[in-house]
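The values are calculated or read from the model by the stated rules, or taken from the named source; none is laboratory data. Computed from a predicted model, the values in this text were never measured in an experiment. Neighbour counts run over all protein chains shown; Cβ positions are idealised from the backbone, glycine included. These accessible areas exclude ligands, DNA and RNA; they are computed on the full protein's heavy atoms, side chains included. Shrake-Rupley method; radii C 1.70, N 1.55, O 1.52, S 1.80 Å.
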Amino acid sequence: EPLHGTQVIVEAAALLAREGGVEITMIGTGPEREATVRLAAARAAPTLRFEDWVAYDQLPVRLADCDVALGIFGSTPKTRMVIPTKAYQAAASGRAIVSADTPALREVFTPDEHVLAVRSGDPDALAVALRRLRDAPELAPRLGSAAGRLMAEHLGPGAQGARLRSVLAEAFPDLAARLA
């Protein structure tokens, strides 16, 4: 099973379609695209749309247009060790994120404060999270704002500059003393 767990997204979309659905747009032309499109057709997930790759300079525009960003949902060992760039981009844009509950995710984000975290490989859990966001309109903005603040506080230019100064001061104590 690949990292992104696209089949989990398709199955969750199919579950939600039975009750009116939620609109999900999957962007990209990765190696699982054809199989994912076929699965979506077979599972009758009408609210699932597919778009080709989006240029990096257009991602902020696309993120601004979405309510929620989906992270990764696979159940491979790699899934437990990474946070995809798209999650950081969504958080920095102030968008709510739903992703697999992994050790990597918990190193940066706090579930239910910054993100909704679901069991890896579980379409039912993803459907529950998306239903929760649909039915509680205040939740996505609250999560997105908290994630955006977290990114600014810990990964913004000021935080990165302070971290760099600390590393340099430790590596070159004489230089740090002269610059203080």
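In the context of the full set of protein chains, residues of segment 40-132 present 51 Å² of accessible surface per residue (probe radius 1.4 Å, heavy atoms only).
FRET efficiency for the pair Ala42 and Arg149, taken as 1/(1 + (r/R0)^6) with r the Cβ-Cβ distance and R0 = 41 Å, rounds to 0.50.
The simple Förster model, with R0 at 22 Å and r as the Cβ-Cβ distance, assigns Thr76 and Arg33 a FRET efficiency of 0.75.
Which chymotrypsin sites (Phe, Trp or Tyr not before Pro) in segment 33-110 pass both tests, a DSSP loop state and at most 16 other beta-carbon atoms within 10 Å? Could the numbers behind the result be given before it?
Values: sites: Phe50, Trp53, Tyr56, Phe73, Tyr88, Phe109; in loops: Trp53, Phe73, Phe109.
Filter output for segment 33-110: Trp53.
Carbon and sulfur: what percent of segment 132-180's accessible surface (1.4 Å probe)? Walk me through the intermediate numbers first.
On the way: 2210 of 3520 Å².
Reported share for carbon and sulfur atoms: 63 percent.
Calculated on the alpha-carbon coordinates, the convex hull of segment 106-180 measures out at 98 cubic angstrom per residue. The packing ranking, built from the mean of other Cβ atoms within 10 Å per residue, places the peptides 66-72, 130-136 in the order 66-72, 130-136, highest first. Relative to the longest principal axis of the Cα atoms of the chain, the long axis of helix 123-135 lies at roughly 80 degrees.
Counting only protein heavy atoms, what percent of the accessible surface of segment 20-72 is carbon or sulfur at a 1.4 Å probe? If you can, show how the numbers build up before the last one.
Values: 1800 of 3320 Å².
Carbon and sulfur atoms account for 54 percent of the accessible area of segment 20-72.
Remark: segment 50-180 carries a charge dipole of roughly 220 debye about the Cα centre, counting +1 on each Lys and Arg Cβ and -1 on each Asp and Glu Cβ. The smallest convex shape that holds all Cα atoms of segment 1-57, its convex hull, gives 79 Å³ per residue.
Modelled label positions at Ser166 and Tyr56, each set 7 Å beyond Cα in the direction of Cβ, lie 2.7 nm from each other. Per residue, the Cα convex hull of segment 62-120 amounts to 69 Å³.
With a Förster radius of 45 Å applied to the C-beta separation of Asp124 and Asp174, the computed FRET efficiency comes to 0.15. Stokes-Einstein diffusion for segment 137-180, with the hydrodynamic radius set to the Kirkwood value over Cα pairs and evaluated at 4 °C in a medium of 1.567 mPa s, equals 104 µm²/s. Neighbours of Leu126, meaning other residues whose beta-carbon lies under 13 angstrom from its beta-carbon, give a summed charge of 0 when Lys and Arg score +1 and Asp and Glu score -1. Amide H contacts of Ile24 (H built 1.01 Å from N, in plane; Pro and chain starts excluded): Leu48, Arg49 sit under 5 Å, all sequence-distant by 5 or more or on other chains.
Compute the acute angle (0 to 90°) between the alpha-carbon long axis of helix 157-171 and the principal axis of greatest extent of the alpha-carbon atoms of the chain; round to the nearest 10°. Taking the Cα atoms of the chain, the angle to 157-171 is about 50 degrees. The angle between the Cα long axis of helix 6-17 and the main principal axis of the chain comes to about 50°, on a 0 to 90 degree scale.
Farthest toward the positive end of the dipole of segment 5-137, out of Leu133, Gln58, Ala44, is the Cα of Ala44, where the dipole comes from beta carbon charges about the Cα centre.
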